[in-house]
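What follows is one structure encoded as structure tokens, with my remarks underneath.
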Amino acid sequence: MGFKDLANFNDALLAKQAWRLLHNKNSLFYRVFKPKFFPDFSISEATESTSGSHAWRSILVGRDEILLGARWRDGCGESITVWNDAWLPSLEHPKILSQVIPGFEDAKVSDLINPTSRRWATDLIHGLFHPDEVDLILSISLSHLPTEDKVIWPFNSSGVFSIKSGTKFLKKETNLLAPRSSQAQDNDIWKRIWRLSVPNKVRNFLWRDCHNTIPVKQSLWKRKLLSDDICEQCRSSSETIFHALWECPKIAECLEQNFTILKLNPT
Ligand SMILES: [Zn+2]
């Protein structure tokens, strides 16, 4: 576990909160944030407001992480923009790459659907997009009744965002983009840890975590001090630092339940 892993894990935690706001509209969490920060539109369209709290800014960071990887699943198509959102059924090619035709810059996916027959407007689609994209669009089946557009997470078979798959996705993205040297990124993350208002023992723990010096079972087993390295909590995996602190399903339950409280009360 290094600095970058810790940063990706933190972003995945924030993304989990944004995911809840996108999907759990009956929760207390949603009912508190909706009127204050995105009263007349969805969280995917929300921007940082001048009255924005630390919690809200953190959630917007998480929202942006989700939108990097999430896919829209067609309902009525009214909230999906044709040229900006990732809505094609392809992991490699989720966004429209054909050039925008003047006059269609703000088109929504609903504009490509005949509202009466609830079928794709094929002539229009053939006129606007590259043949490969036409095939992808026409492969999406439309429901006969207009339903709400949904955001799905394609890196989990359930379509639901999880901290584990989010961290893995962000790690891949970070490696792909890598705009700066890893040393510069490490320095930035270390400065962020150092500025945290936490007791020194917590900073010390994070430092040891990032330098792989926590005595988890795997390191003790490698030094022949233990006969196995199996996690005592879940008995299903090696107890590495990453597993012990973030990945173990027993820990994940605890983190997911308590994280909202932590972020809503930044001190
Ligand atoms: Zn475990």
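Here, each number is a calculation from the coordinates, and none is a lab measurement. Quick caveat: nothing in here was measured; it's all calculated off a predicted structure. As a convention, Cβ positions derive from the backbone with ideal geometry for all residues, glycine included, and neighbour counts pool all protein chains shown.
For the reader, a short list of remarks on this structure follows.
- Net charge dipole, the stretch 71-152: roughly 240 debye, given to the nearest 20, about the Cα centre with Cβ charges of +1 for Lys and Arg and -1 for Asp and Glu.
- Debye-formula intensities of the chain, expressed as log10 I(q)/I(0) at q = 0.08, 0.14 Å⁻¹, are -0.43, -1.09 (one equal scatterer per alpha-carbon, no solvent).
- Entries in 95/168; 4/34; 34/164; 191/224; 164/217 that, when Cα-Cα distance is taken, lie over 24 Å: 4/34; 34/164; 191/224
- Seen against the Cα atoms of the chain and their longest principal axis, helix 182-195 is set at about 70 degrees.
- Placed amide H near residue 73: partners under 5 Å, 5+ positions off or other chain: 150, 151, 152
- Gyration tensor verdict on the stretch 71-152 (Cα atoms; rounded if a/c is under 1.5, prolate if a/b is larger than b/c, oblate otherwise): rounded
- Hz values of 3J(HN,Hα) by residue in the stretch 37-46 - Karplus curve (6.51, -1.76, 1.60), Gly and Pro given as x: 10, 9, x, 10, 8, 8, 4, 5, 9, 5
- Placing +1 on the Cβ of every Lys and Arg and -1 on the Cβ of every Asp and Glu, with no other charges, gives the chain a dipole of roughly 1440 debye about its Cα centre.
- In Hz, Karplus ³J(HN,Hα) per residue of the stretch 76-92 (6.51, -1.76, 1.60; θ = phi - 60°; x = Gly, Pro): 9, x, 6, 9, 9, 8, 4, 9, 10, 8, 8, 10, 7, x, 8, 5, 7
- Set of lysines near residue 36 by C-alpha distance (under 19 Å), chain-local residues within fewer than 8 positions excluded: 25, 263
- The phi torsions of the stretch 108-122, fed into the Karplus equation with coefficients 6.51, -1.76 and 1.60 and a -60° offset, translate into couplings of 9, 4, 4, 5, 9, 10, 5, x, 7, 8, 6, 10, 5, 7, 4 Hz, rounded to whole numbers, with Gly and Pro shown as x.
- Helical mean residue ellipticity (222 nm; -39500 (n - 2.57) per DSSP H run of 4+; nearest 500) of the chain: -14500 deg cm²/dmol
- Lys/Arg +1, Asp/Glu -1 at C-beta; the chain dipole; positive extreme among 75, 143, 37: 37
- Contact order relative to length of the stretch 71-152, as percent, for alpha carbon pairs under 8 angstrom and 6 or more apart: 43 percent
- Nitroxide proxy distance, nm - points 7 Å out along Cα→Cβ at residue 84 and residue 139: 2.7 nm
- For the chain, the relative contact order comes to 21 percent (Cα pairs under 8 Å, sequence separation of at least 6).
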